[in-house]
1. What's the total accessible area buried between chains B and C, using a 1.4 Å probe, rounded to the nearest 100 Å²?
2. Tell me, what ³J(HN,Hα) does each residue in segment B:68-76 have, in order and in whole Hz, if you take phi through Karplus 6.51 cos²θ - 1.76 cosθ + 1.60 with θ = phi - 60° and put x for Gly and Pro?
3. Can you compute the modelled spin-label distance between residue C:133 and residue C:185, with each label point 7 Å from Cα toward Cβ, in nm?
4. For the protein assembly as shown, with every protein chain kept in place, what is the accessible area per residue (1.4 Å probe, Å²)?
5. Between A and B, buried accessible area summed over both sides at probe 1.4 Å, in Å² to the nearest 100?
6. For segment A:63-89 and segment B:249-282, what is the separation of their C-alpha centers, rounded to whole Å?
7. Under the √(5λ) rule applied to the eigenvalues of the Cα gyration tensor, what semi-axes describe the equivalent ellipsoid of segment A:262-332? Give them in Å, descending.
8. Taking segment B:1-52, how much of its Cα-Cα pair set, in percent, is spaced more than 15 angstrom apart?
Amino acid sequence: MTEPQTQPATQTAPARQGEPLLSVRDLEKHFPVTKGLFQRQVGAVKAVDGISFDVYKGETLGLVGESGCGKSTTGRLVTRLLEPTGGQVMFEGQDITHMSQGRLRPLRRDMQMIFQDPYSSLNPRHTVGAIVGAPFRIQGVQTENGVKKAVQDLLELVGLNPEHYNRYPHEFSGGQRQRIGIARTLALKPKLIIADEPVSALDVSIQAQVVNLLEDLQNELDLTYVVIAHDLSVVRHISDRVAVMYLGKIVEIAERKSLYATPMHPYTNALLSAVPVPDPRGRAGRERIRLTGDVPSPLNPPPACRFHTRCWKAQEICKKVEPPLAELASGHRVACHFPENAPGAPEAPATGKDEPVNA
Amino acid sequence: MSPFLDVKDLKIHFPTDDGLVRSVDGVTFGLERGKTLGIVGESGSGKSVTSLGILGLHKGRGANISGEIWLDGEELVGASQEHVRGLRGKKMAMIFQDPLSAMHPFYTVGDQIVEAYRIHNKVTKAVARKHAIDMLGRVGIPEPGRRVDSYPHEFSGGMRQRAMIAMALSCDPELLIADEPTTALDVTVQAQILDLMRDLQREFDSALIIITHDLGVVAELSDDILVMYGGKCIEYGSADDIFYRPEHPYTWGLLGSMPRLDREPTERLLPIKGSPPSLINVPPGCAFHPRCPYTERTGDKARTEAPALAETEGGHLVRCHMSPAERRDLWENEIKPVLETP
Amino acid sequence: MLLFVVSIATFAIFFLVPRLAGMSADDLASRYVGKAANAQVIHDTAIRLGFNDPVIVQYGRFVKGIFTGVDRNYGPGIEHCPAPCLGYSYVSQNPVLPDILNRLPITLSLALGAAVVWVIFGVATGVVSALRRGSFFDRLSMGIALAGVSLPIFFTGIVSLAIFRDQLGLVGDVADWVPFSEDPLTWANNLILPWVTLAFLYAAGYARLTRAGMLETMSEDYIRTARAKGLAERVVVLKHGLRATLTPVLTMFGLDLGLLLGGAVLTESTFSLPGIGKYAVDAISNNDLPQVMGVTLIAAAFIILANLIVDLLYAVVDPRVRLA
Ligand SMILES: Nc1ncnc2c1ncn2[C@@H]1O[C@H](COP(=O)(O)OP(=O)(O)OP(=O)(O)O)[C@@H](O)[C@H]1O
Ligand SMILES: Nc1ncnc2c1ncn2[C@@H]1O[C@H](COP(=O)(O)OP(=O)(O)OP(=O)(O)O)[C@@H](O)[C@H]1O
Ligand code: SF4
Ligand code: SF4
Ligand SMILES: [Mg+2]
Ligand SMILES: [Mg+2]
């Protein structure tokens, strides 16, 4: 397991050549909302409502957004833990959108998921050995020196002691449990790992350990990641490209540098400006964008641009015409009629700019 | 002249079946009216137990409490339960982390504020209700006259936290303790709540303690900062001391673990190795020694002798065997350059 | 809806099963006219009562009786049994419903009285046990509670009868039923023993439920908030703690009371109280099918009614339920 794979993992810049490993088009998931004795459908939660993105081999795509914007749902759709209600998911050129679970099974080896809560995602009655070794048994994989050796190699790879083989999850701390979870996902040498909030339940010092581990493993095993998180600093640290979601839509997607240096969507600007900065001297001078109100319900999302209820740049057109996700700079796509920081684009209609932010 | 709130060597231990849990084991700080103290530390470091201890909520529930808590010239550790109860809610109030579970699900938001107000103010229900509506308006709840009759589950997370703040402020407390007030909230809402707390503190001129594990939140609000590790205060100083002249290896570790938006991203984070200590079998000597990269510099002392909380200069306290000069040298020449350059 | 299911089920059990087991219509009718009757009389009776009709028709007649009443041919003449008619007893020839209704006050007195006793004692014991967890009181009361749920009621009943009535003469003769409206004191005095005996059984369960609920509630965050406001501990416990604990207690209470109104069978038998429970026992031992069906339906009606009330109350108690 530990030996490096054939392809060298040298490229530091995201490799965007060739076919994407994962390709998502107009993906939708609407959860029906039912009522009464006969489960009459009265509406739908549009958890994911038409999103498209590509993930290239060897890169890390970060998916950020506030609670309930559909990040986890996206992760579950892509790994087919949920059945999409529309759109298309392609993995290595194969359409897996509605593939049967039987045909999906061999593909599951290549596509694994890491979950947020290191406490509930491990079966407390199984030993670490059984947990990490389970994928071998489920997939019926033959290992060279037996499953035990393979598991111990994995434990070592994620920084645990191979002697932990016969211990139970409750004997470990949160960070160690997350390592166990990661070892489990690595068992079958996946190509793509979807990590849903892999560090948000951990303490800062432990969080940094796990972030470093994920990066090391990526270099060593040539992994591709989709990392779902709400912490913009963590996402910036580990991603090559970042997609920002709001109410089931991707509103901005770009290279990491370009997104954090010149965020174009008003929502991205607001998000970045809301992150508290650990620099007490700078706090007086900082300009802040303050949004009012909360994220609206995905049950009845606002029409056209979904952000218009909280956007300080909103105009009539924003309530009527949905802005397309357009490429305004190379590799930088934004869904907004009046983007900020747009190269060359006339800032003309954005008259609301110097008004206070709906204080 | 001692400060408005003066905590001296506070210890709170819980006897349990597994042994004595030393949740708080030597915490010292002072806080003036109108100032904000930030308490940071990892999960289980004793932040919440400290704050509940100041409010006297461990009294009479089997905890061993020692040390001194002086509030406005009055000692609270030795005071009677009934006396401290009278101060709670009136002189000192608290905001909790998860506003959904911290509010009673069966009573309206208004009723809960009215209740808090009427414990300490002999007024009619109608007067108290007016006051509740007024408070809800001041914390930025739209249509307070209507929302006063809502139940907590009908509020969004941010509104609930606002209501919680309104409840805590209803009796105009002089000391307000906020235990992770924004941890359960989204960033944009967190920013709103932090702004609100800053504004209200200015308006009420109360002393504010904000407890969090997020150094960013602390930096936004605090004048002074207390860093806790394994139930002990390991470093205490002004916000400038902690962020620009930190002297404890654990504080360095926290700063290095944290990815930051305001700087060029570093290649790698600098985590602290290992995991937080057990509070029952606290490591002997310096509790941080199993994780500290500088253990060898203090030799056997790190394992055998507990370092004392000592002042370096101007009220900056550090609990470490290394000499202040040695620590400053390490910070300037080894730590800071790594943290601040990409 | 539910009543409909219950009525079909009882009908099936008491009418259909005997038929399937090989009893002829005449065999059924023989119960009705008594052992001495000759075959012809039996046969006539069977026809008159419609035992030879298809099952559906028989069931239809039964249901029709409930909604519109029926005319009953009792041989010498025709009598109208007004709606809701649950039929006539085979044995006494009396209409079933009035008989049951006559006994209702007794069962009602027994059940409601016991309910008051057990709720007060059960909940209070549970609260105190929870607050003093591990104390002598806690262990003692939980020990007694364990005994309470495990001892059969006729045992506690007979023992208490022997002690309090026969030995000490403290209470009146239970079997002498005196309506509340006539003499409340004697009413209570006669009923006190069955109340306590029945309540003992239930109080035990309520004490355990309340204790478990209180332990959980008192560790909730909102209890900490209530204390942080500076509320007196008594108010914290009663207003904030107990209020949330009572919700599951309320559910159980509704179901228990509904069940009991259908007849506190064992208690009534033990104390020879002529309530609905006793009526049911007699009906079954006499094979008096209309009576059995009547009692079953009434009992089911009570349970459903109690459920309905609980559901409505739930929304009053827990505001989170109102929206859903
Ligand atoms: N099984 C489900 N049935 C109905 N609605 C659902 C279901 N799963 C998720 N939702 C809804 O879909 C929306 C998106 O949920 P999702 O879990 O993807 O959000 P998220 O971005 O991961 O949020 P968080 O940061 O809180 O984890 C939410 O409004 C959620 O309530
Ligand atoms: N009543 C109690 N009895 C025994 N141990 C307790 C009690 N209350 C708290 N503790 C222990 O004290 C330690 C400190 O807890 P505390 O809640 O203060 O941590 P914290 O710093 O607030 O952590 P977090 O960031 O997770 O809230 C924990 O290990 C906890 O298990
Ligand atoms: S489209 Fe309009 S409302 Fe939407 S983000 Fe852009 S400016 Fe704001
Ligand atoms: S006393 Fe020693 S072990 Fe403890 S923090 Fe200081 S240098 Fe590290
Ligand atoms: Mg999620
Ligand atoms: Mg805490």
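1. 2300
2. Those phi angles translate into 9, 10, 9, 10, 6, x, 10, 8, 9 Hz.
3. That separation, rounded to one decimal, is 4.7 nm.
4. Numbers: 44860 Å² over 1025 residues.
It amounts to 44 Å² per residue over the protein assembly as shown.
5. What A and B bury together is about 3700 Å².
6. 32
7. Listed largest to smallest, the semi-axes of segment A:262-332 are 26, 17, 10 Å.
8. Tail of the P(r) past 15 Å holds 54 percent of the pairs.
The values are calculated or read from the model by the stated rules, or taken from the named source; none is laboratory data. Treat the numbers as computed from the prediction; the structure is a model and nothing was measured. Cβ coordinates were reconstructed from backbone atoms using ideal geometry, including for glycine residues, and neighbour counts include every protein chain displayed. Surface accessibility is based on the protein's heavy atoms, side chains included, excluding ligands, DNA and RNA. Shrake-Rupley method; radii C 1.70, N 1.55, O 1.52, S 1.80 Å.
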